[in-house]
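Take a look at the structure set out below.
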Amino acid sequence: MAQPATDVRLQSKPERVYYFGTCVIDLFYPGAGLAGMELLRREGVQVVFPPDQGCCGQPARNSGYMDEARAVALRQMAAFPNDWPIVVPSGSCAGMMKTHYPDLFKGRPEYERAVAFSARVHELTAFLVNVLRIKLEDKGPPVTVTWHGSCHSMREMGVVDEPKSLLRQLANVTLVENPREKECCGFGGTFSVRQPEISAAMVTDKIAALEETGAARVVSGDCGCLMNIGGALEKAGKSMRPQHIAEFLLERGHGR
Amino acid sequence: MGAEPRAAVGNDFTVRAPQALNDPTLRANFRRAMDGLMSKRAAQFADKPAWDSLRARGAAAKARVLAQLPALLERLEDKCRANGITVHWAETIPEANAIVLEILQKAGARTVIKGKSMVSEEMELNHHLAAHGIQAVESDLGEYIIQLAGEAPSHIVMPCIHKNKAEIARLFAERIPGLGYTEDVDALTAAARAELRGRFAAADAGISGVNFAVAETGTLVLVENEGNGRLSTTLPPLHIALMGIEKLVESLEDLPPLLALLPRSATGQHITTYVNMITHPRRAGELDGPEEVHLVLLDSGRSRVYGDDQLRDTLRCIRCGACMNHCPVYSRVGGHTYKFVYPGPIGKILTPQLEGLDCAGDQPHASTLCNACVEVCPVKIPIADILVRLREESVRPGGGDAVKGGGARRSALETLSWRAWMLIYSRPWAGRLAAWGMTRFGNLLPERLPLLKAWTSVRTKPRFAAKSLHELAREQGYCDE
């Protein structure tokens, strides 16, 4: 099991960070991407979004197309040339860059570069909690939320409690945990269309478990899961609202 | 590129899954059972540092075996022979069946009592013996139930876990003479026991599996809860033990961590009711035990798995079943959907390697790569990474020779799609163009397109944003260093 390597250089707050927006956020949830950058900026960190970035390469890697995944991974490594931390608002994409980039280049000349790159990768909520030690203010109305931890965030990045600790900082937010939090929502990237029936069964069970918490919103750190869960909630006509944690935290700070 | 696109072959899992999903009783049976097993296991490993250290010892013991497998197998053979156990090597399943049949025929055996053995399931041994007039009766309660029902195991540890109490009650009422319909578990168990008791005493031979074979001492270790394993291996005059060539440990010292990990991971038990250690046939002056003990070592594709540095870790498996108990796919489709002997995550990596990617190539794709199995595997098999590796082998140009049936799922259309994807995300201009197009026109894509149709069966269509994060970040000054 991959454990997040502690970046020794990050005992104190860095001046500048890179931001890797992810392809799903880029095209479908740019608001979540902007919110993550805004949260970092508010903490006094300069945020740089390199325009040449794209996808982490996970879809091709997980489909077994390693040459294609490597070409895309190399492009990302080139897009973040300076030795700054790379903050990612997705545990899954961060997991790809942190745990699988080195594997992709094992035995190749780019291996050392991939290892150095992967050491700079941080999941957003872990970065806010462990590096920036963020203190949140809650100006929003009372609301009950539940948390959906993504599999890769929990099991590749080892990020389990950080996002929930952020939600618990918010005075008017009640967090009701889902007893089946650790169970996959059934997204799995191409799995959702390669095994559509199983994926459908999984997400149907997931939204039932989320509903049982009685929460008005489901907050997550991964837009892949949110697209799956949110799409299923909407199709089933449920009132529960899906939201990326960065957007939610920012909204609470603004009192909306 | 292969000579012809063969992407449609070996899709049995995908075809069978919807049938299982549409069976509410089956779904409920698995959900209930897996929930129970998960919470029992979690209670056993509540102490995280203790779990970490126990697991590290278990994984190291199995890794050490794989680092010197050929030498340890020879040592095991030598020790067994010195102890009076006859050792047989079977490269293929037909060879293994022929060996077992010959031993039984030579002894004039007509009836066999069996302890639980997944290798015997691989061999379809019962059918083979029946075809030669030898009757084999399963003595593990779960195996006995599915033998009565004429079914295959749906789980490697709890073979009849797909059945609920009422289903078993109906089966027993139908098949056990004199027993009416009862859902009383004690009455059902007593009925099975009464049926089996006489068989143990009357059987000409006993056949069992092996959980661990100790190379250092030539000891065969069997764990079980019902005592049927002990009876099957001690009452009949002849005992035949079946094992895959990977199921050994180096020394007795490796057993404590593995014996602690196996039952806790499997059934959430601290220890099994019985731990049998068999080292030799009955010696002069001893009052019980078989006069003859045979060990059949089955390869059946395992050597090929062993030949690859990464895939080799598949052979660490101690068959606890924790991976399937925690698998969100297995718990929804059940074991029979996998069609082959080993279901769940371990099956998804083992079956395509033993049977070939051409006939089980869809199994590595039957996973979200959620890593739930990896998290609980007591010997740290990197199941998710091996799944991805098998996906890679299944589309490898030219097939490669790492896995049987390599390249079987390569298709021109999929290859082209990933090439296009690569272009978009490795050339920034192409990425900008694609994002521009998708944000402007993506929402016009009709739901009836193949992939969108699958997605929208239970979800709404994803909505492209009017502007990409790239555009918004530039507008808000995030792109400047």
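The values are calculated or read from the model by the stated rules, or taken from the named source; none is laboratory data. Predicted, not measured: the structure shown is a model, and the values here were computed from it. Positions of Cβ are backbone-derived with ideal geometry, glycine not excepted, and every protein chain shown enters the neighbour counts. For accessibility, only protein heavy atoms count, side chains too; no ligands or nucleic acids. Shrake-Rupley method; radii C 1.70, N 1.55, O 1.52, S 1.80 Å.
Brief remarks on what is shown
- As a length-normalised measure over Cα pairs under 8 Å and 6 or more apart, the relative contact order of the range B:413-475 settles at 28 percent.
- With a Förster radius of 41 Å applied to the C-beta separation of B:Thr273 and A:Thr144, the computed FRET efficiency comes to 0.30.
- Solvent-accessible ranking of B:Phe441, A:Phe191, largest area first, probe 1.4 Å: B:Phe441, A:Phe191
- Selected from B:Trp418, B:Ile161, B:Leu261, residue furthest toward positive end of dipole (chain B; charges at beta carbon): B:Trp418
- When B:Tyr274, B:Tyr306, B:Tyr330 are compared by accessible surface with a 1.4 Å probe, the order from highest to lowest is B:Tyr274, B:Tyr306, B:Tyr330.
- Chain B against chain A buries an accessible area of about 6300 Å², both chains summed, 1.4 Å probe radius.
- Solvent accessible area, Å² - B:Lys453, 1.4 Å probe, full protein context: 130
- Vicinal HN-Hα couplings computed from phi for the range B:311-316 (Karplus, 6.51 cos²θ - 1.76 cosθ + 1.60; Hz; Gly/Pro x): 5, 3, 4, 3, 7, 6
- Principal-axis tilt of helix B:93-106 within chain B, Cα atoms, nearest 10 degrees: 10
- The amide H of B:Arg110, built 1.01 Å from its N in the peptide plane, has B:Asp204 as neighbours under 5 Å, considering only residues 5 or more places off or on other chains.
- Sites A:Glu110 and A:Ala79, calculated FRET efficiency, Cβ-Cβ separation with R0 22 Å, nearest 0.05: 0.95
- For chain B, the longest principal axis of the alpha carbon atoms and the long axis of helix B:428-441 meet at an angle near 80°.
- Ordering A:Ala201, B:Asn371, B:Ser53 by the projection of their Cα atoms onto the charge dipole of the protein assembly as shown, which places +1 on the Cβ of Lys and Arg and -1 on the Cβ of Asp and Glu, puts A:Ala201 at the extreme positive end.
- Put a plus charge on the Cβ of each Lys and Arg, a minus charge on the Cβ of each Asp and Glu, and nothing anywhere else: the dipole of the range A:61-192 about its Cα centre is then about 100 debye.
- Spin-label model distance (nm) - B:Glu167 vs B:Arg419, 7 Å beyond Cα toward Cβ: 4.8
- 1.4 Å probe accessible area per residue over the protein assembly as shown, in Å²: 39
- A:Thr22 contributes an accessible area of around 10 Å² to the protein surface, as traced by a 1.4 Å probe with all chains present.
- Relative contact order [Cα under 8 Å, 6+ residues apart], chain A, whole percent: 21
- Sorted largest first by accessible area at a 1.4 angstrom probe radius, with every protein chain in place, the residues B:Lys339, A:Lys106 fall in the order A:Lys106, B:Lys339.
- Simple Cβ-charge dipole of the range B:289-383, Lys/Arg +1 and Asp/Glu -1, about Cα centre, in debye nearest 20: 320
- Assuming charge only on the beta carbon of Lys and Arg (+1) and of Asp and Glu (-1), the dipole of chain A about its Cα centre is about 280 debye to the nearest 20.
- Computed accessible area, A:Ser12, all protein chains, 1.4 angstrom probe, square angstrom: 70
- Percent accessible area from carbon and sulfur atoms, the protein assembly as shown, protein chains only, probe 1.4 Å: 53
- Sites B:Glu286 and B:Thr111, calculated FRET efficiency, Cβ-Cβ separation with R0 30 Å, nearest 0.05: 0.80
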